[in-house]
Amino acid sequence: MFSKDGNIKDVKTPRICDVVWHNGEFINWSDARVHVMSHVLHYGSSIFEGIRCYSTKQGPAVFRLREHMQRLLNSAKIYRMDHPWSLEQLCDGAIELVQRSKMDQCYIRPILFRSLDEEHPAFGVNPFPNPLACYIGAWDWGKYLGDEAIEQGVDVCVSTWNRLTPNSMPAMAKSGANYMNSQLIKMEALLNGFAEGIALDDRGYVSEGSGENIFLVAGDVVLTPPLSSSILPGITRDSVIQICQELGITIKERTIQRAALYVADELFFSGTAAEVTPIRSVDRITVGKGGRGPITEKIQKVYFEITKGERQAPGKWLTYVNEPKQANSDNNGFAGSKIETAGSDGEPLMSYQTALD
Ligand SMILES: Cc1ncc(COP(=O)(O)O)c(C=O)c1O
């Protein structure tokens, strides 16, 4: 049983899994509801993930499932969400959900939030009295920035909104509240005729898109802002870094000035939803030759080959949904990029692997 066609401005949502994982059980889509006085609705107290499951010749395969679930656990830790769910339980829940959905490809959305104890309601900002609820839903999601974007690239702007400051809302946590900032960036971009907006950090350096990390190609070197530019530590970003390393392309984390976007040879976004999407103009200034550049194309090709299961990944990145657990556990080791995520002064901040382990 699937929902009716959901036709909204940026994407189509044609198929939704009719069951939802809830605190370890499967419930019907229509029963997955919260009270209107839940803490999360008033104070933004949720953390979540976005994971893609790809169609491969060996059936559906979830891309970097453990890394995503580990980031969910990291976000929960930052927000002192003391929940009982283990990495294993969350991964198993997501796999069973995809199995039950019968979809061969989908987008998986785990979410953990502060709800309402109806017998002992609490309405204040203090989150501690409110119980935690954990859900995982799934739906079939097409190309986030449009079908043509992958080949032709997108026209974007630099947003008038800055990204969150590290000492206000941690960009490292994928919290629902951070996406109020993303919505400001996205709405401004759409209303001005752009597909996406790029936010600068509070110092004026390039941070990221409303829902994507960004890469810049200068000559034969690929650059991306460090974690200290208030970015989400993207799993796709990490995948791109590892793909570059495997292809022998020099990749560096660097603070990037806004003006460098205009004179770059190539620019592209990375993200679970956006995958690897070229940027063809910024603020109506053409980037490079105005389409998908050769280095972007090379990285994109490898990324799609890996997600389709047609090429060996640098790490064990695919979890095959229909394979026995043992086969998958061999296929599931952590493999964060070896690049050190540097602070703005170039000092190592933390390794990605440390962030994920
Ligand atoms: C703000 C933001 N930055 C970056 C990303 C890319 O992260 P990932 O590659 O893990 O999806 C996302 C998508 O989740 C995002 O919302």
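The values are calculated or read from the model by the stated rules, or taken from the named source; none is laboratory data. All values derive from a computational prediction rather than experimental measurement. Positions of Cβ are backbone-derived with ideal geometry, glycine not excepted, and every protein chain shown enters the neighbour counts. Heavy atoms of the whole protein, side chains included, go into the accessibility calculation; ligands, DNA and RNA do not. Shrake-Rupley method; radii C 1.70, N 1.55, O 1.52, S 1.80 Å.
Nearest 20 debye, what's the magnitude of the dipole of the chain about its Cα centre given +1 on Lys and Arg Cβ and -1 on Asp and Glu Cβ? Can you show the working numbers first?
On the way: 36 positive and 43 negative charges, 67 e Å.
Its charge dipole is roughly 320 debye.
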Charge dipole (the chain, unit charges on Cβ, about Cα centre) - positive-most of 95, 260, 65 = 260
Using label points projected 7 Å from each Cα along Cα→Cβ, tell me how many nm separate residue 246 and residue 289, to one decimal.
-> 2.6
Over all viewing directions the Cα convex hull of region 195-329 casts an average projected area in nm² of 8.6
Which of 241, 306, 214 fluctuates most in a GNM of the chain (C-alpha springs under 10 Å)? That residue is 306
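I want the antiparallel fraction of DSSP beta bridges within region 208-272, as a percent rounded to 5.
Numbers: 8 of 12 bridges.
Rounded to the nearest five, the antiparallel share is 65 percent.
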Spin-label model distance (nm) - residue 187 vs residue 297, 7 Å beyond Cα toward Cβ = 3.9
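Averaging sequence separations of C-alpha pairs under 8 Å and six or more residues apart, then dividing by the length of the chain, give the relative contact order as a whole percent.
It rounds to 18 percent for the chain.
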Taking a probe of 1.4 Å and leaving out DNA, RNA and ligands, the chain shows per residue an accessible area in Å² of 45
Heavy-atom accessible surface of the chain: percent carbon and sulfur, 1.4 Å | 52
Amide H to amide H under 5 Å from residue 279: which residues, 5+ apart in sequence or cross-chain, H placed 1.01 Å off N in plane?
-> 154, 267, 268, 269
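Residue separation times 0.36 nm, minus the C-alpha to C-alpha distance between residue 89 and residue 42: what's the value?
Working: separation 47, 0.36 × 47 = 16.92 nm, distance 2.87 nm.
Using 0.36 nm per residue and subtracting the Cα-Cα distance, I get 14.1 nm.
What Kirkwood hydrodynamic radius, in Å, does region 116-224 give when the mean of 1/r is taken over all pairs of distinct Cα atoms and then inverted?
Details: mean 1/r = 0.0596 Å⁻¹.
Averaging 1/r across every pair of different Cα atoms and inverting gives 16.8 Å.
Given 252/316; 102/298; 102/186; 77/186; 174/316; 57/316, which pairs have Cα atoms separated by over 26 Å?
Values: 252/316 23 Å; 102/298 32 Å; 102/186 32 Å; 77/186 28 Å; 174/316 23 Å; 57/316 17 Å.
With Cα atoms farther than 26 Å apart: 102/298; 102/186; 77/186.
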Computed over the Cα atoms of region 58-180, what is the ratio Rg over Rh, Rh following Kirkwood?
-> 1.02
Cα coordinate range in the chain, projected on the principal axes (Å, largest first) | 60, 47, 42
Would you kindly calculate the mean projected area, averaged across all directions, of the convex hull enclosing the Cα atoms of region 99-144, in square nanometres?
-> 5.1
Computed curve, region 25-95, Cα-only Debye sum without solvent term, log₁₀ I(q)/I(0) at 0.18, 0.27 Å⁻¹, is -0.91, -1.26
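What 222 nm value per residue comes from the helices of the chain, counting each DSSP H run with n ≥ 4 as -39,500 (n - 2.57) and dividing by all residues, nearest 500 deg cm²/dmol? Walk me through the numbers before you get to the answer.
Working: 10 runs with 94 residues, N = 357.
Using -39500 (n - 2.57) per qualifying helix, the result is -7500 deg cm²/dmol.
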Anyone know which of 114, 33, 258 comes out most mobile in the 10 Å Cα GNM of the chain?
-> 33
